[in-house]
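Here the structure comes first, spelled out in structure tokens, and everything after it is commentary.
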Amino acid sequence: MRDLTAALLQCELAWENPADNRYQFQQTIETLEAEPALIVLPEMFTTGFSMNALANAEDPGGPTEEWLQDMARQRQCAITGSVAIRADGGVYNRMLFATPEGVTHYDKRHLFRMAGEHKRYLPGAERVIVSWRDWRVQLQVCYDLRFPVFCRNRRDYDLMLFVANWPARRRLHWRQLLIARAIENQACVIGVNRIGSDANGLDYSGDSLAVAADGVLLEDMADRAGVALVTLDGAALRTYRESFPCHLDADEFSLD
């Protein structure tokens with residue numbers, strides 16, 4: 001397994017303004033001197049965490065999906081974040097994972113009822129793992145982080161990605177749970193959050209992190225805007241799993 005270099009993009013978001021947000025991220029991506037294999041954007045990176053689902057939703061293959069595909073082709077990388085997408089008679093909070101070859105998606109399974117997300121969006125049903133540059137990557141969105149059974153590694157992924165709009169008042173939970181998910185699943189974890197405030201008056205502290213499988217912090221963006229580059233060591237991950245094979249004692253389970 002080769003190393004994987006990822007770029008974490010943490011910034012404020014323009015409320016319900018997809019064009020402005022795409023432009024902001026594109027300007028940031030174009031300043032990158034390095035060529036990361038993976039670029040990670042926040043949850044609902046075109047609108048902020050808005051419950052105006054129908055008004056904000058794009059069709060599959062719409063302008064944001066096209067933009068992600070263009071970025072992936074231009075940079076010869078994968079790029080991911082979530083967007084409100086219209087499908088199946090409703091709207092999904094859909095994480096799009098674009099590569100030069102195409103786009104895979106994961107629909108957020110756990111909807112944040114405290115904001116009424118479960119009333120405005122459809123829940124996803126399937127866990128999704130994609131392969132990229134020798135890494136098996138599980139896709140997750142924000143509130144999914146609180147549900148370890150759904151996140152459980154079945155020896156089928158190496159990296160878990162969380163994209164989020166996670167408010168500052170619960171930043172301790174965000175940080176601790178990202179580290180816990182890495183340790184219990186013996187997988188690298190990247191979580192990308194936003195900063196600033198939204199139209200609902202919620203503040204966001206960022207705290208985008210990259211965590212090694214043993215829980216060591218590889219990157220901590222705190223509350224700063226910008227890009228953090230981190231290289232995940234494939235050989236180190238494999239060696240750690242072989243030297244401490246706790247997965248052999250894991251309990252069997254099934255997910256309904």
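Restricted to the stretch 192-204, and to residues that are in contact with an Asp or Glu (Cβ under 8 Å, 6 or more places away or on another chain) and in a strand (DSSP E or B), which residue is surrounded by the fewest Cβ atoms within 10 Å (Cβ to Cβ)? First the steps, then the outcome.
Residues of the stretch 192-204 that are in contact with an Asp or Glu (Cβ under 8 Å, 6 or more places away or on another chain), as a first pass: 193-197, 199, 204.
From what is left, the residues that are in a strand (DSSP E or B) are 195-197, 204.
Numbers: 195: 22, 196: 18, 197: 16, 204: 25.
Only one residue fits best here, namely 197.
Let me spell it out: the conditions are (1) open to solvent by 70 Å² or more (accessible area, probe 1.4 Å); (2) touching a Cys at 6+ places or on another chain (Cβ under 7 Å), and residue 39 meets all of them except one. Which number is the exception?
Of (1) open to solvent by 70 Å² or more (accessible area, probe 1.4 Å); (2) touching a Cys at 6+ places or on another chain (Cβ under 7 Å), only one is false for residue 39: (1).
Kindly state which strands (runs of 3 or more DSSP E) lie completely within the stretch 63-112 and contain at least 3 residues that are touching a strand residue (DSSP E or B) at 6+ places or on another chain (Cβ under 9 Å) and open to solvent by less than 20 Å² (accessible area, probe 1.4 Å).
Working: elements: 78-87, 90-99, 102-107.
Where strands (runs of 3 or more DSSP E) fall fully within the stretch 63-112 and carry at least 3 residues being touching a strand residue (DSSP E or B) at 6+ places or on another chain (Cβ under 9 Å) and open to solvent by less than 20 Å² (accessible area, probe 1.4 Å), they are 78-87, 90-99.
Restricting to the stretch 210-256, count the residues that are hydrophobic (A, V, I, L, M, F, W, C), part of a strand (DSSP E or B) and either touching a helix residue (DSSP H, G or I) at 6+ places or on another chain (Cβ under 7 Å) or open to solvent by less than 50 Å² (accessible area, probe 1.4 Å) (or both).
Initially, the stretch 210-256 is screened for residues hydrophobic (A, V, I, L, M, F, W, C), giving 210-213, 216-218, 221-222, 225, 227-230, 232, 235-237, 244, 246, 248, 250, 253, 255.
Next, only the ones that are part of a strand (DSSP E or B) stay: 210-211, 217-218, 227-230, 232.
Among the residues that remain, those that are also either touching a helix residue (DSSP H, G or I) at 6+ places or on another chain (Cβ under 7 Å) or open to solvent by less than 50 Å² (accessible area, probe 1.4 Å) (or both) are: 210-211, 227-228, 230, 232.
Counting residues in the stretch 210-256 that are hydrophobic (A, V, I, L, M, F, W, C), part of a strand (DSSP E or B) and either touching a helix residue (DSSP H, G or I) at 6+ places or on another chain (Cβ under 7 Å) or open to solvent by less than 50 Å² (accessible area, probe 1.4 Å) (or both) gives 6.
Just to be sure, is residue 172 closer than 29 Å to residue 125 by Cβ and surrounded by fewer than 13 Cβ atoms within 10 Å (Cβ to Cβ)?
no
If you scan the stretch 39-62, which residues turn out to be within 15 Å of the chain's Cα centre (by Cα), within 17 Å of residue 19 (Cα to Cα) and either in a strand (DSSP E or B) or among the aliphatic types (A, V, I, L, M) (or both)?
Quick first cut of the stretch 39-62, residues within 15 Å of the chain's Cα centre (by Cα) only: 39-46, 48-49.
With the extra rule that they be within 17 Å of residue 19 (Cα to Cα), the set shrinks to 41-46, 48-49.
The answer is 41, 44.
Quick check on the stretch 17-36. Is at least one of its residues of a type in the set (Gly, Ala, Ser), modelled with pLDDT of 95 or more and outside any helix (DSSP H, G or I)? Even if it seems obvious, please write down each step before you answer.
The first filter runs over the stretch 17-36 and keeps only residues of a type in the set (Gly, Ala, Ser), leaving 19, 34.
Remaining after also requiring modelled with pLDDT of 95 or more: 19.
Remaining after also requiring outside any helix (DSSP H, G or I): none.
Within the stretch 17-36, none of the residues are of a type in the set (Gly, Ala, Ser), modelled with pLDDT of 95 or more and outside any helix (DSSP H, G or I).
Pick out the one residue from 161, 145 that is within 26 Å of residue 236 (Cβ to Cβ), in a strand (DSSP E or B) and open to solvent by less than 40 Å² (accessible area, probe 1.4 Å).
Details: 145 fails: in a strand (DSSP E or B).
That would be 161, the only listed residue that is within 26 Å of residue 236 (Cβ to Cβ), in a strand (DSSP E or B) and open to solvent by less than 40 Å² (accessible area, probe 1.4 Å).
So how many residues does the stretch 114-142 have that are within 18 Å of the chain's Cα centre (by Cα), more than 18 Å from residue 186 (Cα to Cα) and open to solvent by 60 Å² or more (accessible area, probe 1.4 Å)?
Adding up the residues that qualify gives 4.
Residue-wise test of (1) in contact with a Cys (Cβ under 8 Å, 6 or more places away or on another chain); (2) not aromatic (Phe, Trp, Tyr).
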position: 153; (1), (2): no, yes
position: 160; (1), (2): yes, yes
position: 166; (1), (2): yes, no
position: 177; (1), (2): no, yes
position: 200; (1), (2): no, yes
position: 210; (1), (2): yes, yes
position: 226; (1), (2): yes, yes
position: 241; (1), (2): no, yes
position: 252; (1), (2): no, yes
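Looking at residue 207, is it open to solvent by less than 10 Å² (accessible area, probe 1.4 Å) and of a type in the set (D, E, K, R)? Lay out the reasoning, then the answer.
Numbers: open to solvent by less than 10 Å² (accessible area, probe 1.4 Å): yes; of a type in the set (D, E, K, R): yes.
Yes.
The values are calculated or read from the model by the stated rules, or taken from the named source; none is laboratory data. These numbers come from a predicted model, not from an experiment. Please note: Cβ atoms are built from the backbone with ideal geometry, for glycine as well, and neighbour counts cover all protein chains shown. What goes into the accessible areas is simple: the full protein's heavy atoms, side chains included, and nothing from ligands, DNA or RNA. Shrake-Rupley method; radii C 1.70, N 1.55, O 1.52, S 1.80 Å.
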